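The values are calculated or read from the model by the stated rules, or taken from the named source; none is laboratory data. What you see is a predicted model, and the numbers here were worked out from it, not measured in a lab. Here the Cβ positions follow ideal geometry from the backbone for every residue, glycine too, while neighbour counts run over all protein chains shown.
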Amino acid sequence: MPVVIRQRLSCKSTEPPLKRIIYIMVMITGVAAHSAHGQKGFDETIRTINATRAESPPVMDGKLDDACWTTAGVAERFITHRTNLPAAQQSIGYICYDNRNLYIAMKCMMPKGLKPVGNQKPHDTYVFSDDTVEILIDPGKSGTDYCQLVVNAFGSTFDSWRGGGGSQYDPAWNGDWQVATHIADGYWSLEMAVPFYNFGISPELGSTWGINLCRNSFAPRHEMSSTAARGDFNVADSFPLVEGIDVDFAQYPLRIESPKLLLLERADGNGERAEFLSLLRNASDTAQKVKIERWTATDDGAPKEADITVMTLAARATAVCASEIIAVEPLGTTPLDTFISRAAPDLKKLVIRDAASNEILALSHVQRPWLCEAIRIGVDDPWQAETPADGNPAISFRVDLGLAESVRKAGVLRVALQARDTGKALAEKQIEGPPAASSLSFSSEALDWGAYQLVATFTDAGGREVVDTRAPATVLPGGKHQVKVLNNLTSELINAAERGLLDATAIDFMNPRQGWVLVTASGDGELLLDAEDKPLLSLKPGEPAAEARRLLPVGRHSIRVQGRIEQLIVRSVPELIYSTFPAGFSMGFLRKHILPHCTTILGGTSDEAAMREWRAEGGRWITFGVAPSHLRSATDDFITADDYYAKMLRHGGFRHPLTDGIILDQIGSPSIKQKIEIAKTVSKILANPDLAGRAYQPWYEGAVFGSEGDYAMMKLVLDAGWPFSFYAYLTEQKSEEETLDDIQTMIVQTIESGNNQIPGSMRRGVATMGFWSAVATGQIQDIDPSTNFKMLMELQFAALANEPTLFGLYGAFWYYSPYVDEEILRWAAKLHRHYGFEGRTDRITDDPYRLDHIVNGDFEDDTTGWTIAGPGEAGVKTLDGYGHLQGRYLGGIQGDTILVTKRSADGPNTFSQQVNGLTPGRAYSFKMITADYTNLTTGKSVKQSEAVSISIDNTDWVPDLKRADIHSDSAPFDVFPKATPEIFENHYGHNNELFNAKNHAYLNSHWRVFRAKGKTATLTVSDWASADEPGGPIGQQIMYNYLVVEPYFE
């Protein structure tokens, strides 16, 4: 049966759409059908689709058997996300229209016998772990604003309005649209009708629109694809052009804006109240006479008769079209600045009709508004990329008031500048009947450099304080104590030798924000920080410089020198997290190679000795948790603030005496109602003095700040000075240019989007990047043997350090060490040191992004570049889904081509290639994946080493590392180069119809390191164990791919 949904509007929680690119824990079954193997990459230019006029509208049953689809504009050749490769699961889109609606259909191919992943859910709940289609509609191809309409295969829907080209979105918007889905054997399909009155369009809108058809597939395996250039989703500039939408749009100029909630005065002890306002915007240049229908509901939910008024809305004007009073309560008590609604408004639906024709021009289904921020201070931070050498001459700030106009005009706004340590008022400003936004400043000429506090209060006409808030403010030093910016992440606060301070007995420095400082010193004596009695550093002559890291509040600090210093450097540095402790690595390895380049450890609470030692050195130790109700399933129930607070008190991050808090994964996915309860919980944590110094650190799955629930939670987190995190796990692109584009879209724009929605929030943001590289773990982002994964990592960190819009980013870390080999873990620590602790802007290495030592390591171009020899059978084959089974994260069809040899008794089969571009004396890695072809194609689970041999002439093999030097005794597998292959099984998230968590596929990971003797060498792989011995069964078919030669980081 088809599933037919009539779309409703609501204020709702949204899941940041970027979550899809980094959603890991998914159920993936089956082997690809309708394969795109053998196709070359598609052209990356923006395509054009010609929409056609429908003579009659389609019947909404999802079956695509209506006449309009036979003549509709067609969109084919779906592209894998962020590549130019054809999607393994192809789809077909159709676009047509009439005078009232835009009609869109899609047919999503899948293997016969499989069903889509998902189920029916309420509107605007989380659907992004289901098989879904997203329709992104940009009226007039603005390149900035568009609507996002999402439906899963079972008819469940989600929508939002997006801006900023895709980096921002409005969670309160909902469209009025119809959709139906149909599930058949070998495909599922949908039909959609979207009335033009949804868009608030202007009369001059043209017939060319931007429309992107996107698919997020989980059956048989996770794949994202779209019709946009490079398979983009929410990148409006890359949407296809849809031409020929020949409609008179002068009749659709109105849009119902997101509602507002403005605080009123307390009413005779009855608690706080707020004014709920719905706004109507006229996007045209002519006045519009409209009829407004305001629908409410009875107690049983039945609609009442509409209240109808007629109004004329001036050109380009916005006016209130509905209002009512609702009860609110404070989110916290100190400060008293933010309120949440106690109930939904009585208004349930707004319908705007043309007063003459009675045609619908706009429609909105209204649900509960959640948040009223009654007062807010935004301070202009003087610590910027171009920080003045002489400090800032003034403290500039803005005060925003979310108060009802009648209250605001009758009251008084007071802003005081206070000493941060004593609370003494140093200056004050007062505004009677203030505007909704006031830009103000205090002169800093008579102030000492350091940290201060702004306190804003609003009093009503009777002199009673209604709301208050506060924010830190700083005056930066000049001269010898100036803050010298090194890169986005790091600033030099003191360099005693360069600034003539080596003879000082006390050296003051300014920490420009609450955060980490790194102290590096050499000499003879002791250094003490502020009023501490225990030495920060003990220095001995002739020894290397010593280091100490400390998490310090914003403001002025002092280092007392007892003895003699040869050099003292103090830098503000980012939070750099090691994730996750210990992850199978020995403490000796971590102490030597990793932890000296970190500030924080993310780990459990079982190793108290390590925790105690780390915290004694000034490091921070946080634990891991998962956000409540993040799956939105029947087994993942809603939890109240009281119950969640009790749960947090039992968690090791708040209970264990050696922890500094908790990082909460998947925080983006709970519903708005759940996030409000999380915000209430955070308020309780802040109010508990026993939890002082411990942080509740949200961790977003990509984009940040999607709803009022997010805003409420994040406001408390930021006001507390706690960090938050967000992650984007990138895989390798074919070129450095494409990789830089990926970094811009997935990392830089994500950070910018959050900072635009909450200005200054980037100063507490910790960017999380993936570095999954150990083939033996069965989950890797290092998916392409022709590219340098270490360069992908450096390009990301270099962007954080150097991208102009990211100045002041709080920190960064790599996730997650159980999927990482020893080389990449050391390389990550090197990046921490280079960009984070040293504040460098230059690249560590000039190695190219593209690897050209060998070619065609995945046999995508048949046997090009290889010389095949031997008496047995050998040839290139395609095995759909094999790259996914190997663990290549979001790799699409990458890795599905293989070379297969059949072992012969008459001698070895070999394949060889000249290795080029070597530097004599330099170390290089050779990597390869092998498996038994018969086992892998018949579902036979056999754990075995494949008898193959590898030789590279004109080189020397580097001796194997010792397991005890790298791993702890509990390490499940080896992740270092060695002569013997490592047998590994498919990861639980990388299954197919033959192999899963109960019936594992077994493969071999080969990794050796050699040192070049010359500029070239010859690589030879044989299916005999040696020149004289087969070493394995005659007739065995062995499959090979993922052959890599790349520089090894020593």
> Any idea which of (1) at pLDDT 95 or above; (2) within 28 Å of Ala461 (Cβ to Cβ); (3) buried (at least 19 other Cβ atoms within 10 Å of the Cβ) is the one Ala425 doesn't satisfy?
Replying inline: (3)
> Which of the residues that make up segment 678-715 are surrounded by fewer than 24 Cβ atoms within 10 Å (Cβ to Cβ), of a type in the set (D, E, K, R) and in contact with a Ser or Thr (Cβ under 9 Å, 6 or more places away or on another chain)?
Replying inline: Lys680, Arg694, Lys715
> Taking segment 413-422 as the region of interest, how many residues are surrounded by fewer than 16 Cβ atoms within 10 Å (Cβ to Cβ) and at pLDDT 95 or above?
Replying inline: 1
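Yes/no matrix, rows are residues, columns are (1) farther than 29 Å from Val561 by Cα; (2) free of Cβ contacts under 8 Å to residues at least 60 places away in the same chain; (3) surrounded by 16 or more Cβ atoms within 10 Å (Cβ to Cβ):
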residue	(1), (2), (3)
Asp468	yes, no, yes
Thr474	no, no, yes
His481	no, yes, yes
Asn487	no, no, yes
Ala497	no, no, no
> Just for strands (runs of 3 or more DSSP E) wholly inside segment 368-485: which have at least 1 residues that are farther than 19 Å from Thr334 by Cβ and not charged (D, E, K, R)?
Replying inline: 375-379, 394-401, 412-419, 425-432, 437-443, 450-459, 465-475
> Looking at this structure, is Ser56 under 27 Å from the mean Cα position of the chain (by Cα) and modelled with pLDDT of 95 or more?
Replying inline: no
> Can you name the residue in segment 975-1005 that is among the charged types (D, E, K, R) and either closer than 23 Å to Ile893 by Cα or modelled with pLDDT under 95 (or both) and, of all such residues, is surrounded by the most Cβ atoms within 10 Å (Cβ to Cβ)?
Replying inline: Glu985
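Among the residues of segment 785-794, count how many are assigned to a loop (DSSP other than H, G, I, E, B) and surrounded by fewer than 24 Cβ atoms within 10 Å (Cβ to Cβ).
The total comes to 2.
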>> So for segment 46-53 (the condition being at pLDDT 95 or above, more than 36 Å from the chain's Cα centre (by Cα) and surrounded by 17 or more Cβ atoms within 10 Å (Cβ to Cβ)), does at least one residue qualify?
In response: yes
>> I'd like to verify a number: residues in segment 577-606 that are in contact with a helix residue (DSSP H, G or I) (Cβ under 6 Å, 6 or more places away or on another chain) and farther than 16 Å from Ala812 by Cα, how many?
In response: 4
> For residues in segment 444-466 being closer than 26 Å to Leu552 by Cα and among the small types (Gly, Ala, Ser), which is surrounded by the most Cβ atoms within 10 Å (Cβ to Cβ)?
Replying inline: Ala456
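Anything in segment 923-957 that is of a type in the set (Val, Ile, Thr) and part of a loop (DSSP other than H, G, I, E, B)? List them, or say none.
Correct list: Val942, Val948.
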> For residues in segment 795-809 being crowded, with 22+ Cβ neighbours inside 10 Å and not hydrophobic (A, V, I, L, M, F, W, C), which is farthest from the chain's Cα centre (by Cα)?
Replying inline: Gly808
> Quick one: would you say Pro1030 is under 16 Å from Gly778 (Cα atoms) and over 33 Å from the mean Cα position of the chain (by Cα)?
Replying inline: no
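Just to be sure I understand, how many residues within segment 304-328 are assigned to a loop (DSSP other than H, G, I, E, B) and of a type in the set (D, E, K, R)?
3
For the subset of segment 749-787 comprising residues that are charged (D, E, K, R) and without any contact (Cβ under 8 Å) to a residue 60 or more places away in the chain, which member is farthest from Tyr169 (Cα to Cα)?
Asp782
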>> Out of everything in segment 648-664 that is under 15 Å from Arg615 (Cβ atoms) and of a type outside the set (Gly, Ala, Ser), what residue ends up being surrounded by the fewest Cβ atoms within 10 Å (Cβ to Cβ)?
In response: Pro657
> Could you say whether any residue in segment 619-631 is over 27 Å from the mean Cα position of the chain (by Cα) and of a type in the set (Lys, Arg)?
Replying inline: no
> Scanning segment 140-155 for residues that are at pLDDT 95 or above and over 14 Å from Trp177 (Cβ atoms), which turns out surrounded by the fewest Cβ atoms within 10 Å (Cβ to Cβ)?
Replying inline: Phe154
>> Whether any residue in segment 676-690 is touching a residue at least 24 places away in the same chain (Cβ under 8 Å) and assigned to a loop (DSSP other than H, G, I, E, B) is what I want to check.
In response: no
> Does Arg513 satisfy the condition of being at pLDDT 95 or above, basic (Lys, Arg) and assigned to a strand (DSSP E or B)?
Replying inline: no
> Among the candidates Ile395, Ile431, which residue alone is within 37 Å of the chain's Cα centre (by Cα), assigned by TED's automatic domain parsing to the domain that holds Val455, surrounded by 15 or more Cβ atoms within 10 Å (Cβ to Cβ) and of a type in the set (A, V, I, L, M, F, W, C)?
Replying inline: Ile395
> Just checking, how many residues over segment 361-392 are closer than 25 Å to Asp448 by Cβ, at pLDDT below 90 and within 28 Å of the chain's Cα centre (by Cα)?
Replying inline: 0
>> Anything in segment 718-732 that is buried (at least 18 other Cβ atoms within 10 Å of the Cβ) and either farther than 25 Å from Ser579 by Cα or among the small types (Gly, Ala, Ser) (or both)? List them, or say none.
In response: Asp719, Ser725, Ala728
